[in-house]
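Written out below as structure tokens is the structure these notes cover.
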């Protein structure tokens, strides 16, 4: 048991500050008690190195024309499995578009209205079955128009903004929209340190869609 925090703990926020050799003493050694070899702080912090490690471990060459898409699929599958979810295969079509978008995970979004006199009691609960999209993105800078799938993120936001139908206290109402209740949400799961381009936030705000980000 360690009695002190690793002095380089802030460089690896996804790893416990009290572990030895990333909990893998067979693969890594820690000769000076600071950082396991063959790792270094640069390897943890640089996205390009992160891509390289993942590619190397999966036999993917940089000469492969699908280098980044293949890495993206590996990352997506890993995220979905780590959340103990099943990958979504349902297609969603933005209004007026023939091009479908397929988020990695689709979940419900709930809006509760509490009783004013008794805050422990719910007077009304509105449940939108498909109003929360979750998508894993293996990138260090997420843009509204991506190189490999330029209409995808815009399509996610459009679908969530236009979506109709929800249960009010268990009774289906086909006319209500999650975006009118602050219940339309798009969550991105990215490597630690990845940024979201302001254009995404501006576009989503105009469509009444909430943007969330989770790091791994």
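Summary of values
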read-out	value
Residue 206 versus residue 125: modelled label distance in nm, points set 7 Å from Cα along the beta carbon direction	3.7
Cβ-Cβ FRET estimate between residue 173 and residue 147, R0 fixed at 41 Å, reported to 0.05	0.55
Residue 164-residue 192 FRET efficiency (beta carbon distance; Förster radius 30 Å; 0.05 resolution)	0.25
Extension gain, residue 65 back to residue 100 (0.36 nm per residue minus Cα-Cα distance, nm)	10.2 nm
Angstrom value of the Kirkwood radius, inverse mean 1/r, which spans all Cα pairs in the stretch 105-215	15.0
Euclidean distance between Cα centres, the stretch 165-186 to the stretch 50-107, Å	28
Gain in span if fully extended, residue 213 to residue 58, counting 0.36 nm per residue against the direct Cα distance	53.2 nm
Relative contact order (percent, whole number), the stretch 105-215, Cα cutoff 8 Å, 6+ residue spacing	28
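Each reported figure results from applying straightforward, stated rules to the coordinates on display, with no laboratory input. These numbers come from a predicted model, not from an experiment. All Cβ positions, glycine included, derive from the backbone under ideal geometry; neighbour counts span all protein chains shown.
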